[in-house]
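Student: One structure, as structure tokens, below. Some questions next.
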Amino acid sequence: MQQQLTNRRVLLGVTGGIAAYKSAELVRRLKELGAEVRVMMTPAATEFVSPLTFQALSGNPVHSQLLDPQAEAGMGHIELARWADLILVAPASADSIARLAHGRADDLFTAVCLASDAVRAMAPAMNRLMWANPATRDNVALLADRGWAVWGPGEGDQACGEIGPGRMLEPLDIAARAAQLFETGLLAGQRLLITAGPTREALDPVRFLSNHSSGKMGFALAREAASAGARVTLISGPVHLPTPDRVTRIDVVSAAEMRDAVLDHVRDCDVFIATAAVVDYRPAQAAAHKIKKHQETLSLELVRNPDILAEVAALAEAPFSVGFAAETDDVAHYAKVKLNAKNLNMIAANRVGGVDSAFDGDDNALQVFWPGGDASISRSSKHSVARQLLELIAQRLRDRD
Ligand code: C5P
């Protein structure tokens with residue numbers, strides 16, 4: 001199933017109304033779509049449903065106090081406002097709508113809404129005459145003008161015994177509308193597995209063979225893929241880089257460990273991108289003790305490391321497999337040869353060595369090839385190059401479907 005809310009952070013604002021009981025189901029629906037959910041409640045909402053219910057369903061503490069020293073030490077109202085990708089108010093009572101329209105900030109709920117630049121949506125729920133009242137109409141129009149999405153209300157039997165417009169939309173419908181807001185995410189719902197950085201092949205307990213790969217390209221791809229809505233697992237050799245937000249990172253050292261980690265996770269991925277500079281040969285045997293310098297010369301016997309990318313691309317149910325080719329010359333030719341030899345869906349080639357070297361720098365330029373096509377990504381930051389490469393991958397995935 002496509003999970004259009006993967007990686008999305010939904011802050012659900014529950015305000016005081018009988019429909020608050022439906023918001024418990026809404027939390028489940030949002031989570032089913034892949035969202036991370038936090039709940040904030042107005043004091044009136046806590047009279048209808050216990051915060052414990054939302055805490056259990058969301059898996060996160062519920063926020064309701066503006067000046068709670070404990071909450072401020074953890075996630076205070078400004079952090080909460082920054083955390084959210086979407087603030088979803090459901091049910092939105094007549095009073096909460098009025099307070100939002102007037103920019104109030106005297107409780108946690110209104111203060112967070114005022115302090116956030118997240119996408120905002122509300123599902124109103126109230127008695128039909130309260131909904132029809134010109135004061136409510138004006139408040140809703142004002143908020144819609146300021147960018148709030150207003151979903152519903154629906155018509156039908158009301159808890160107050162009347163019939164008419166004022167019912168909160170069903171949780172399934174609200175969750176689907178929330179997902180639609182983010183459907184533009186280039187890789188919404190896709191699962192990406194990315195390798196990055198160098199590997200280290202032990203010679204003895206203190207020495208190793210390795211290379212200068214910084215891991216920057218793989219980490220930039222992981223970050224950009226996560227913000228394009230993908231669920232990303234990053235398998236990294238030893239690098240000095242922080243884990244990008246919303247990315248699951250697995251640290252490995254040697255090529256053998258990287259291969260094991262990839263094979264453990266490859267069945268759960270739609271796209272595999274191998275940016276790692278895997279060391280091609282490892283010592284046939286790592287010495288158990290530090291090698292002493294008694295001899296004038298020292299010979300090392302090296303054996304080939306497994307080609308992780310080729311192995312993945314050859315799987316019966318291989319993911320869309322993307323390789324990188326670092327070449328010193330005749331870049332296009334060698335890249336195309338590698339595309340065929342490893343049976344890849346795409347290869348991104350860059351020049352290494354000389355002034356244009358991609359290793360360790362913050363910039364990169366790529367020539368990208370796939371069976372029957374190619375594209376160039378001109379020199380810019382690795383983040384911008386990563387975004388453009390992900391666009392090409394998304395395009396090829398769409399064409400394949
Ligand atoms: O054959 P070559 O090493 O030039 O291929 C580079 C591509 O293959 C990169 O995508 C790299 O991550 C991947 N690779 C691999 N395992 C290896 C060697 C390379 O996954 N042992």
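The values are calculated or read from the model by the stated rules, or taken from the named source; none is laboratory data. If you're wondering where the values come from, they're calculated on a predicted model, not measured in any experiment. Neighbour counts run over all protein chains shown; Cβ positions are idealised from the backbone, glycine included. The area values use the complete protein model at the heavy-atom level, side chains included, leaving out ligands, DNA and RNA. Shrake-Rupley method; radii C 1.70, N 1.55, O 1.52, S 1.80 Å.
Student: Return a yes/no flag: does the stretch 147-160 have any residue that is open to solvent by less than 50 Å² (accessible area, probe 1.4 Å) and free of Cβ contacts under 8 Å to residues at least 24 places away in the same chain.
Tutor: Yes, because at least one residue in the stretch 147-160 is open to solvent by less than 50 Å² (accessible area, probe 1.4 Å) and free of Cβ contacts under 8 Å to residues at least 24 places away in the same chain.
Student: Follow-up question, since we're still on this one. Give the number of residues within the stretch 1-33 that are more than 24 Å from His77 (Cα to Cα) and within 16 Å of the chain's Cα centre (by Cα).
Tutor: So the answer is 5.
Student: If you don't mind, another one. Is it fair to say His289 is in the same structural domain as Glu201 (by TED's automatic domain parsing) and either touching a residue at least 60 places away in the same chain (Cβ under 8 Å) or touching an Asp or Glu at 6+ places or on another chain (Cβ under 7 Å) (or both)?
Tutor: No, not satisfied.
Student: Quick one: would you say Leu315 is part of a loop (DSSP other than H, G, I, E, B), surrounded by fewer than 15 Cβ atoms within 10 Å (Cβ to Cβ), within 15 Å of the ligand (Cβ to nearest atom) and free of Cβ contacts under 8 Å to residues at least 60 places away in the same chain?
Tutor: Here the answer is yes, as Leu315 does meet what is asked.
Student: So, Ala45, is that one out of contact with any Pro (no Cβ under 9 Å at 6 or more places or on another chain), under 27 Å from Arg167 (Cβ atoms) and crowded, with 24+ Cβ neighbours inside 10 Å or not?
Tutor: For Ala45, the condition - out of contact with any Pro (no Cβ under 9 Å at 6 or more places or on another chain), under 27 Å from Arg167 (Cβ atoms) and crowded, with 24+ Cβ neighbours inside 10 Å - is not met.
Student: Further question: So which residues in the stretch 272-305 are within 30 Å of Asn364 (Cβ to Cβ), hydroxyl-bearing (Ser, Thr, Tyr) and out of contact with any Gly (no Cβ under 9 Å at 6 or more places or on another chain)?
Tutor: If the condition is that a residue be within 30 Å of Asn364 (Cβ to Cβ), hydroxyl-bearing (Ser, Thr, Tyr) and out of contact with any Gly (no Cβ under 9 Å at 6 or more places or on another chain), then Tyr281 is the only one that fits.
Student: Kindly indicate the residue of the stretch 301-312 that is near the ligand (Cβ under 8 Å from one of its atoms) and either part of a loop (DSSP other than H, G, I, E, B) or among the aromatic types (Phe, Trp, Tyr) (or both) and also surrounded by the fewest Cβ atoms within 10 Å (Cβ to Cβ) among those meeting that condition.
Tutor: Pro306
Student: Which of (1) without any contact (Cβ under 8 Å) to a residue 60 or more places away in the chain; (2) closer than 18 Å to Thr15 by Cα does Arg82 not meet, given it meets every other one?
Tutor: Here Arg82 meets the rest and fails (2).
Student: For the stretch 323-401, please list each of the strands (runs of 3 or more DSSP E) lying entirely inside it that holds at least 2 residues being modelled with pLDDT of 95 or more, open to solvent by less than 10 Å² (accessible area, probe 1.4 Å) and not aromatic (Phe, Trp, Tyr).
Tutor: 346-351
Student: Another question about this same structure. Mind checking which strands (runs of 3 or more DSSP E) fall wholly inside the stretch 212-300 and carry at least 2 residues that are open to solvent by less than 50 Å² (accessible area, probe 1.4 Å)?
Tutor: It comes to 231-236, 247-251, 271-274.
Student: Among residues belonging to the stretch 174-199 that are in contact with a helix residue (DSSP H, G or I) (Cβ under 9 Å, 6 or more places away or on another chain) and open to solvent by 10 Å² or more (accessible area, probe 1.4 Å), point out the one that is nearest to Ile87 (Cα to Cα).
Tutor: Among those residues, the one meeting the criterion is Ala176.
Student: Now a separate question. Of the conditions (1) under 30 Å from Gln190 (Cα atoms); (2) out of contact with any helix residue (DSSP H, G or I) (no Cβ under 8 Å at 6 or more places or on another chain); (3) at pLDDT 95 or above, Ala90 clears all except one; give me its number.
Tutor: So Ala90 meets the others, but not (2).
Quick grid of which residues meet (1) touching a residue at least 60 places away in the same chain (Cβ under 8 Å); (2) within 16 Å of the ligand (Cβ to nearest atom):
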| position | (1), (2) |
| --- | --- |
| Thr199 | yes, yes |
| Ser214 | yes, yes |
| Ala228 | yes, no |
| Pro238 | no, yes |
| Pro244 | no, no |
| Asp251 | no, no |
| Glu257 | no, yes |
| Thr275 | yes, yes |
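Student: If you don't mind, there's one more thing I want to ask. Would you check if there is a residue in the stretch 55-69 being under 27 Å from the mean Cα position of the chain (by Cα), at pLDDT 95 or above and of a type in the set (Ser, Thr, Tyr)?
Tutor: Yes, there is a match, as at least one residue in the stretch 55-69 is under 27 Å from the mean Cα position of the chain (by Cα), at pLDDT 95 or above and of a type in the set (Ser, Thr, Tyr).
Student: With the structure loaded, tell me whether Leu186 is within 30 Å of Ser384 (Cα to Cα), in contact with an Asp or Glu (Cβ under 9 Å, 6 or more places away or on another chain) and assigned to a loop (DSSP other than H, G, I, E, B) or whether it fails that test.
Tutor: So Leu186 passes the test.
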